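Report on the structure given below.
What follows is calculated from the coordinates using simple rules that are stated; it is not laboratory data. Remember, predicted model here, so these are calculated numbers, not experimental data. Methodologically, a virtual Cβ is constructed for each residue, glycine included, from the backbone with ideal geometry; neighbour enumeration extends over all protein chains shown.
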Amino acid sequence: MSDKVIIFDTTLRDGEQSPGASMTKDEKVRIARQLERLKVDVIEAGFAASSEGDFQAISAVAAAVKDSIVCSLARANDKDITRAADALKAANAKRIHAFLATSPLHMAVKLRMSPEEVLEQAKRSIRFARNLAEDVEFSAEDGYRSEMDFLCRVVEGVINEGATTINIPDTVGYATPELYGDFIKTLRTRVPNSDKAVWSVHCHNDLGMAVANSLAGVKIGGARQIECTINGLGERAGNTALEEIVMALRTRKDYFDMVCGIDASQIVPASKLVSQITGFVVQPNKAVVGANAFAHTSGIHQDGILKNRDTYEIMRAEDVGWATNKIVLGKLSGRNAFKQRLQELGIAIEAEADLNEAFVRFKSLADQKSEIFDEDIIAIMSDSAAAEAGEFYKFISLSQHSETGERPKSKVTFRVGDKEASSEAEGNGPVDASLNAIEEIVKSGAEQLLYSVNAITSGTQSQGEVTVRLAKGGRIVNGVGTDPDIIAASAKAYLSALNKLHDPSQAKLNAQMTP
């Protein structure tokens with residue numbers, strides 16, 4: 001058995017199932033390129049049959065990624081599988097990932113199919129997929145709650161039909177580590193042709209054990225692929241966190257005795273990019289990528305660290321991509337220094353015009369704050385990418401008046417299509433007044449589900465990063481805006497969310513719960 005663990009990242013597919021985490025095509029490509037720099041083995045780019053927008057995004061990722069396998073999810077039917085294969089045509093290496101529920105509850109209530117019908121459908125779908133791709137994965141949705149005898153028959157059947165990877169998901173996060181590891185081990189022991197496929201684990205975090213379950217599936221069960229997401233992003237309580245899996249395998253190699261090909265120095269840049277694009281802020285005490293992950297406040301701890309880092313640190317911050325010196329640039333920094341820092345952060349800019357536009361944004365920010373941090377640069381590039389993608393609504397300027405005892409007023413000027421519009425409104429506070437002013441023009445009728453503020457860096461000079469989540473017509477979208485002025489950041493975030501609602505290609509149809 002190989003000691004290599006394949007890292008299968010599903011941030012762009014399962015991670016996107018978090019309410020409000022849907023990404024544009026260009027955002028998916030940016031994250032995919034970062035995942036490629038991270039040296040992820042397999043990138044699941046989406047669910048091609050779910051919407052035209054997802055199909056186009058998968059196609060774009062397939063064309064952009066050169067080193068990783070690009071994968072599309074599909075239900076176990078000819079139409080979905082064909083759609084997945086079409087979306088993956090431009091990929092250097094492609095995988096079709098077909099899934100079908102196998103638990104008694106899902107078969108009876110959701111599929112309304114008998115076990116024999118499910119068995120035949122699973123085999124037929126893999127047979128069809130193998131005509132379109134050599135690399136085919138089968139997932140037994142709700143596999144952990146499936147009956148062992150039946151699941152063995154299904155797995156044996158799909159391997160006979162050519163499935164190269166078998167995934168046994170803990171779809172609802174019900175498993176515990178030892179039991180899940182034993183479950184995978186029993187399957188591998190009882191399925192006669194189990195050695196003909198790579199075994200994979202895909203765990204959800206409903207009980208907070210997704211990472212532990214995944215590692216048990218590898219250590220005890222003998223699985224050699226782990227399906228995970230950046231920051232543990234995903235529906236409900238999320239998925240297995242890639243950064244925790246990778247650093248557990250590296251830090252405790254003495255126990256796991258396994259390796260993965262991930263470039264750990266790209267973990268923090270990946271985390272920050274996904275957080276910025278989705279608007280899902282990483283909690284400060286999050287393992288590996290949280291702001292406090294390598295912070296030491298206790299005097300005893302600080303003394304120990306100063307004497308020997310190994311006293312209280314089992315990992316080095318710089319090994320996972322935390323910069324040892326975060327203050328990198330200021331208003332006197334030149335274009336070449338800015339370009340060099342982009343390269344160090346793994347941000348690729350191909351067109352000279354794009355670099356020039358980003359540098360103008362950098363200079364504008366440097367005039368407002370004296371020290372520019374890595375996080376500021378990432379935010380600048382995110383704003384630049386949004387501008388490149390084209391915006392129906394675009395922030396221009398804002399003025400507001402707020403005084404104790406008086407109702408705040410705000411005037412917002414922004415572009416609507418190719419026209420400029422201005423509106424004034426009052427509100428309970430300056431943010432509320434600014435968003436009301438935008439609504440006076442747009443009249444979106446959207447419901448605001450979330451308003452969140454996060455400081456990109458420390459100190460009162462920090463840029464504010466605002467996330468606004470809107471819902472309309474069954475769709476949920478996130479908008480993110482950054483600015484040293486928190487009121488302006490709020491207006492930008494609201495307009496960003498409205499842009500996503502305005503773009504019909506961002507409509508998604510989640511046909512059913514997926515593994």
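See the values below:
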{"quantity": "Subset of Lys28/Lys492; Lys272/Lys443; Lys94/Lys286 violating a 27 Å alpha-carbon distance limit", "calculated": "Lys272/Lys443; Lys94/Lys286"}
{"quantity": "Cα-projected label distance for Asp26 with Tyr451, points at 7 Å along beta-carbon direction, nm", "calculated": "2.7 nm"}
{"quantity": "Nearest-0.05 FRET efficiency for Lys196 and Arg252, computed from C-beta distance (R0 30 Å)", "calculated": "0.50"}
{"quantity": "Label-point separation in nm, Asp263 to Ile396, each point 7 Å along Cα→Cβ", "calculated": "4.3 nm"}
{"quantity": "Relative contact order of the range 83-215, pairs being alpha-carbon contacts under 8 Å that are 6 or more residues apart, as %", "calculated": "23 percent"}
{"quantity": "Over the chain, relative contact order from alpha-carbon pairs under 8 Å, at least 6 apart, %", "calculated": "13 percent"}
{"quantity": "Packing-based exposure ordering (other Cβ within 10 Å, fewest first) of Tyr393, Tyr174", "calculated": "Tyr174, Tyr393"}
{"quantity": "Within straight-line cross-link reach of Lys219, lysines at Cα separation under 16 Å, skipping those fewer than 8 residues along the same chain", "calculated": "Lys4, Lys185, Lys253"}
{"quantity": "Neighbour-count order for Val5, Val416, fewest beta carbons within 10 angstrom listed first", "calculated": "Val416, Val5"}
{"quantity": "Residues Ala237 and Glu117, FRET efficiency given R0 of 35 Å [Cβ-Cβ distance, rounded to 0.05]", "calculated": "0.65"}
{"quantity": "Scaled radius of gyration (Cα, divided by 2.2 N^0.38 Å) that the range 137-187 gives", "calculated": "1.09"}
{"quantity": "Of Lys39/Lys394; Lys66/Lys339; Lys25/Lys394; Lys363/Lys419, those spanning more than 29 Å from alpha-carbon to alpha-carbon", "calculated": "Lys39/Lys394"}
{"quantity": "Where Rh is the Kirkwood radius over Cα pairs, Rg/Rh for the chain", "calculated": "0.99"}
